[in-house]
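Report on one structure; see the data block that follows.
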Amino acid sequence: MPIAEPTSSSFSSIALESIALESIALDLPWVRSQFPALAQSAHGHPAVFLDGPGGTQVPQRVIDALADYLARNNANTGGAYHTSRNTDRMIAEARAAMADFLHCDAEEVVFGPNMTTLTFAMSRALGRELAPGDEIVLTLLDHDANFSPWKTLEEKGVVIRTVKFNEEDCTLDMQDLASKIGRSTKLVAVGYASNAVGTINNVAEVVRLARQAGALTYIDAVHYAPHGPIDVRMLDCDFLACSTYKFFGPHMGVLYGKHEHLKRLRPYKLRPNTDNIPNCWEWGTLNHECIAGIKACVDYWEELGRRANPAATSRRAAILAAHEAIHQHERKMTEKMIAGLLAIPGLKLYGIRDPRRFDDRCATFVARIEGHTPLELATKLGERGFFTGDGNYYALNLTEQLDVERLGGFLRIGLVHYNTMEEVDRLLGALREIVG
Ligand SMILES: Cc1ncc(COP(=O)(O)O)c(C=O)c1O
């Protein structure tokens, strides 16, 4: 199958069309004032939060929304009384907010405990339709949450085909992907961005190739969501999953499913659960206080966007403006970080390193330094107030293929929009000092 040229940025194709560029600027002092956690210190040093890929901090309004819900509206749904009705209304508002975040209809938004659980639920439901010999295409670049839930379908005779990545820059091998999609392909599951090496995949092209073959697509946008705008309508994907705790909200997962699929597929569910979507995909009692936090999280995105572009005419437009401002700020930090990391003796940086291709990566960096384990580096950085990650971050196929799994994986430094250029400088200084 012919493959279209990668877009220079999946970001720009969505956001720029509707926003006047010159009006976009990130109000960083305001941003930082919103996140109480950023004012903390650790071991006598100001805390620097560089583990956004593991989970981001939350603005005060998210904390307030959780507390307020528990204090004033704590109830189950569907009751004929005040707090229950307020709960129903609040969930509907949060769903509508997430629909604007993803650009879909509210009834296409499914809430769940986290992306992994939602993906297992969907793999079980899709698995009911699959027959021995049907194929699912997965990638070795993906987090295991978009791999193992599908691989378990091998027990039904489903054939798993895995797509390689180019080791040199950790980008998906699109030729290999195209060659793995065929007449028997029923589903292509791919990550929007790698939570380890930061590569942004050309998911629009993956969806196009899958669609040509009549296959469904399942996009893992967990890592991408804090960094770039998501437009499921434009992508025309069938499913897309993300986790609000990665984009400044509470610990919850969100699944977008195309209306026709949510309606047609048969979820495993309890009998009293109606067949109405999306509730038939949401089992048991949801985490209402966190859902209140999700609404507050999208409110934060909206306000951030309106500060960047006061002319934004809708919540969706404001969210896109927020993304544009974030993109520019993260881009500058990426340039500084990569130049600084590459200058550290004995450091090997994985993923895209060429500044001309920085639009195809996000501000997530993994490295190894000769003579130091990732755990040792993360520990020493932690003692200096820098919170970084170490290990495989569940991107297990990637660390195995790069042969770093047996060596403790990588040191991961993950920037999000509340990080600063000054923090990047200080981190680089601390690393230089540790390496000696
Ligand atoms: C890219 C990616 N996908 C999936 C997941 C799993 O998300 P959750 O913790 O919501 O199950 C993560 C978590 O780190 C991730 O980074």
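Per-structure values
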| quantity | calculated |
| --- | --- |
| Filter result for Val222 (within 16 Å of the ligand (Cβ to nearest atom), crowded, with 24+ Cβ neighbours inside 10 Å and part of a helix (DSSP H, G or I)) | no |
| Unique residue being surrounded by fewer than 23 Cβ atoms within 10 Å (Cβ to Cβ), among the charged types (D, E, K, R), away from the ligand (no atom under 16 Å from the Cβ) and farther than 24 Å from Ala325 by Cβ when the list is Glu423, Glu400 | Glu400 |
| Helices (runs of 4 or more DSSP H) enclosed by the range 235-342 - at least 1 residues per element that are closer than 26 Å to Asn74 by Cα | 288-308 |
| Residue check, Leu240 within 16 Å of the ligand (Cβ to nearest atom) and over 18 Å from Val62 (Cα atoms) | yes |
| Residue in the range 270-279 that is touching a strand residue (DSSP E or B) at 6+ places or on another chain (Cβ under 7 Å) and either surrounded by fewer than 22 Cβ atoms within 10 Å (Cβ to Cβ) or touching a residue at least 24 places away in the same chain (Cβ under 8 Å) (or both) present | yes |
| Breaking point among (1) open to solvent by 10 Å² or more (accessible area, probe 1.4 Å); (2) near the ligand (Cβ under 9 Å from one of its atoms); (3) farther than 24 Å from Val31 by Cα, for Ala196 | (1) |
| Qualifying positions in the range 126-158 - away from the ligand (no atom under 16 Å from the Cβ) and surrounded by 15 or more Cβ atoms within 10 Å (Cβ to Cβ) | Leu126, Gly127, Leu130, Asp134, Glu135, Ile136, Val137, Leu153, Val158 |
| Count of the range 36-77 residues which are open to solvent by 40 Å² or more (accessible area, probe 1.4 Å), part of a loop (DSSP other than H, G, I, E, B) and more than 16 Å from the ligand (Cβ to nearest atom) | 6 |
| Scan of the range 59-95 for residues that are polar (S, T, N, Q) and under 24 Å from Pro36 (Cα atoms), ordered by number | Gln60 |
| Every pair of residues 6+ apart whose Cβ atoms lie under 6 Å, when the first sits in the range 239-262 and is at positive phi while the second is within 14 Å of the ligand (Cβ to nearest atom) | Phe248/Thr56 |
| Leading residue by the ranking (nearest to the ligand (Cβ to nearest atom)) among those in the range 78-125 that are more than 23 Å from Gly55 (Cα to Cα), out of contact with any Phe, Trp or Tyr (no Cβ under 6 Å at 6 or more places or on another chain) and open to solvent by less than 10 Å² (accessible area, probe 1.4 Å) | Met122 |
| Residue match in the range 155-168 (condition: over 30 Å from Gly214 (Cβ atoms) and charged (D, E, K, R)) | yes |
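Here's the yes/no breakdown for (1) within 13 Å of the ligand (Cβ to nearest atom); (2) in contact with a helix residue (DSSP H, G or I) (Cβ under 6 Å, 6 or more places away or on another chain); (3) closer than 22 Å to Ser123 by Cα:
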{"site": "Lys186", "(1), (2), (3)": "no, no, yes"}
{"site": "His227", "(1), (2), (3)": "yes, no, no"}
{"site": "Pro250", "(1), (2), (3)": "yes, yes, no"}
{"site": "Gly253", "(1), (2), (3)": "yes, yes, yes"}
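The values are calculated or read from the model by the stated rules, or taken from the named source; none is laboratory data. Small disclaimer: the values here were computed from a predicted structure and weren't measured. Heads up, the Cβs are rebuilt from the backbone with ideal geometry, glycines too, and the neighbour counts pull from every protein chain shown. Note: accessible area is taken over every heavy atom of the protein model, side chains too, but ligands, DNA and RNA are not part of it. Shrake-Rupley method; radii C 1.70, N 1.55, O 1.52, S 1.80 Å.
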